[in-house]
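Undergrad: Dropping a structure here in structure tokens format, bear with me for questions.
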Amino acid sequence: MKKIIAFVIMACFLSFGCSAQPNVDNSVKGGLELDKYLGDWYEIARFDHPFERGIQFAKANYTLREDGKVAVLNTGIKDGKPKDAKGKAKLTDNPRILRVSFFGPFYGDYRIMLIDPDYKWVLVGGSNDKFLWILSRTPKLEDSVRETILAEATRRGYDVGKLIWVEQ
């Protein structure tokens, strides 16, 4: 039993990337109006990782809970079947960094690195170079917006060639 618990803890740490120094610039600055951020976001692109592998038509919904945390509901289709994941996010001292959990007490960084002034699209990273998402309020991005986001991710050191473009 101890080996199983140790394995689960190790897997969670590895999946959230507990490296001391990221290989990318995942810094965040500026404010965030949480009430404007809440709601539905379509997943336009992401880096591959086990917990979303094979999912298309992915969408995230963020709502404020009574306890001040944010409820997270990720939905999508995998192998023709609906797939949902419920989680929660805690606010931090930095308004552009949320601590998100889908696995009990294990939290990972959700770093809002670039956001449209009207909250129409966002570039989100994690604590290292293994996590990157492009989200939008609509299922498609204009080419000029997509290029702006990709240029910023590249400037920060992310390998945008690894992005999986999600079918919407």
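Since every read-out is calculated from the coordinates, none of them should be taken as a lab result. Nothing here was measured: the structure is a model prediction, and the numbers come from that model. Methodologically, a virtual Cβ is constructed for each residue, glycine included, from the backbone with ideal geometry; neighbour enumeration extends over all protein chains shown.
Undergrad: Within the range 57-74, list the residues whose amide N lies under 20 Å from a label point set 7 Å along Cα→Cβ of residue 84.
TA: Residues 57-67, 69-74 fall inside that zone.
Undergrad: With point charges of +1 on the Cβ of Lys and Arg and -1 on the Cβ of Asp and Glu, referenced to the Cα centre of the chain, which listed residue (80, 165, 56) lies farthest in the positive direction of the dipole?
TA: Toward the positive end, the furthest listed residue is 80.
Undergrad: Okay, moving on. Beyond a 25 Å Cα-Cα separation, which of these cross-linked pairs lie in this structure: 88/120; 90/162; 88/162; 29/78; 36/86; 29/86? All intermediate terms of the calculation are to be shown ahead of the outcome.
TA: Values: 88/120 22 Å; 90/162 28 Å; 88/162 27 Å; 29/78 35 Å; 36/86 21 Å; 29/86 28 Å.
Over 25 Å apart, Cα to Cα: 90/162; 88/162; 29/78; 29/86.
Undergrad: Return a whole-number percent for the relative contact order of the range 30-165, with Cα pairs under 8 Å and 6 or more residues apart as the contact set.
TA: Details: 251 pairs, mean separation 31.8, N = 136.
In percent, rounded to a whole number, it is 23.
Undergrad: Applying the Karplus parametrisation 6.51 cos²θ - 1.76 cosθ + 1.60 with θ = phi - 60° to the phi angles of the range 126-138, what ³J(HN,Hα) value in whole Hz is obtained for each residue in order, glycine and proline being reported as x?
TA: Once θ is set to phi - 60°, the couplings for the range 126-138 become x, 7, 8, 7, 8, 10, 7, 9, 10, 10, 8, 6, 10 Hz.
Undergrad: In the chain, once you exclude exposed GluC sites (Glu not before Pro) (DSSP loop, at most 10 other Cβ within 10 angstrom), what's the longest stretch remaining? Don't skip to the end; give the middle numbers.
TA: Values: sites that count: 33, 66.
That gives 67-168 as the longest site-free run.
Undergrad: In addition: From the helices alone, meaning DSSP H stretches of at least four residues, give me the mean residue ellipticity at 222 nm for the chain, per-run term -39500 (n - 2.57), in deg cm²/dmol to the nearest 500. Mind dumping the intermediate values first?
TA: Numbers: 3 runs with 32 residues, N = 168.
Result for the chain, helices only: -5500 deg cm²/dmol.
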